[in-house]
Amino acid sequence: MHTAIVETFQSTMNKCFATVVEDILGRTVKEEIFLLLSRNGIRTSEIASRFDDVVGVLTSSFGDGARVLVFKTVTELYKKYSQQAGFNFGESLRDQITLLRERVTTDLLKPRTLS
């Protein structure tokens, strides 16, 4: 059961990332970002499990502007799990993801239906 919860969490995070990128940058740029990630050995299904690598690729391509995509992805992930995103833009987003993942697995939280 723990594996299914983690897989659902990762799938939800992948979808949040895709939604945020498309909402902010548009469908064409989203496709280009996924191609960029693919060229760097990161498949779309691996975005959550390799999020540090994703952040690295985005940061090397977009500079500090990539942090907006990361921040919005993490806040969207918190919304999907109906959790209060009580952190600021400058805080460690990796820690926030870890905290939410622990809460999801410990409390058996389920995401709201993804749109």
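The values are calculated or read from the model by the stated rules, or taken from the named source; none is laboratory data. Remember, predicted model here, so these are calculated numbers, not experimental data. We place every Cβ from the backbone using ideal geometry, glycine too, and count neighbours over all the protein chains shown. Keep in mind that these areas ignore ligands, DNA and RNA; they rest on the heavy atoms of the full protein, side chains included. Shrake-Rupley method; radii C 1.70, N 1.55, O 1.52, S 1.80 Å.
Points worth noting:
- Those residues of region 44-54 which are open to solvent by 40 Å² or more (accessible area, probe 1.4 Å), without any contact (Cβ under 8 Å) to a residue 40 or more places away in the chain and assigned to a helix (DSSP H, G or I), in sequence order: 44, 45, 53
- In region 9-30, residue surrounded by the most Cβ atoms within 10 Å (Cβ to Cβ) [restricted to those that are without any contact (Cβ under 8 Å) to a residue 40 or more places away in the chain and within 10 Å of the chain's Cα centre (by Cα)]: 14
- Members of region 87-110 found to be modelled with pLDDT of 75 or more and more than 22 Å from residue 52 (Cβ to Cβ), listed by number: 110
Let's see how each residue does on (1) touching a Phe, Trp or Tyr at 6+ places or on another chain (Cβ under 7 Å); (2) surrounded by 14 or more Cβ atoms within 10 Å (Cβ to Cβ); (3) farther than 17 Å from residue 9 by Cβ:
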site: 33; (1), (2), (3): no, yes, yes
site: 39; (1), (2), (3): no, no, yes
site: 42; (1), (2), (3): no, yes, yes
site: 56; (1), (2), (3): no, yes, yes
site: 66; (1), (2), (3): no, yes, yes
site: 76; (1), (2), (3): no, yes, no
site: 81; (1), (2), (3): no, yes, no
site: 86; (1), (2), (3): no, no, yes
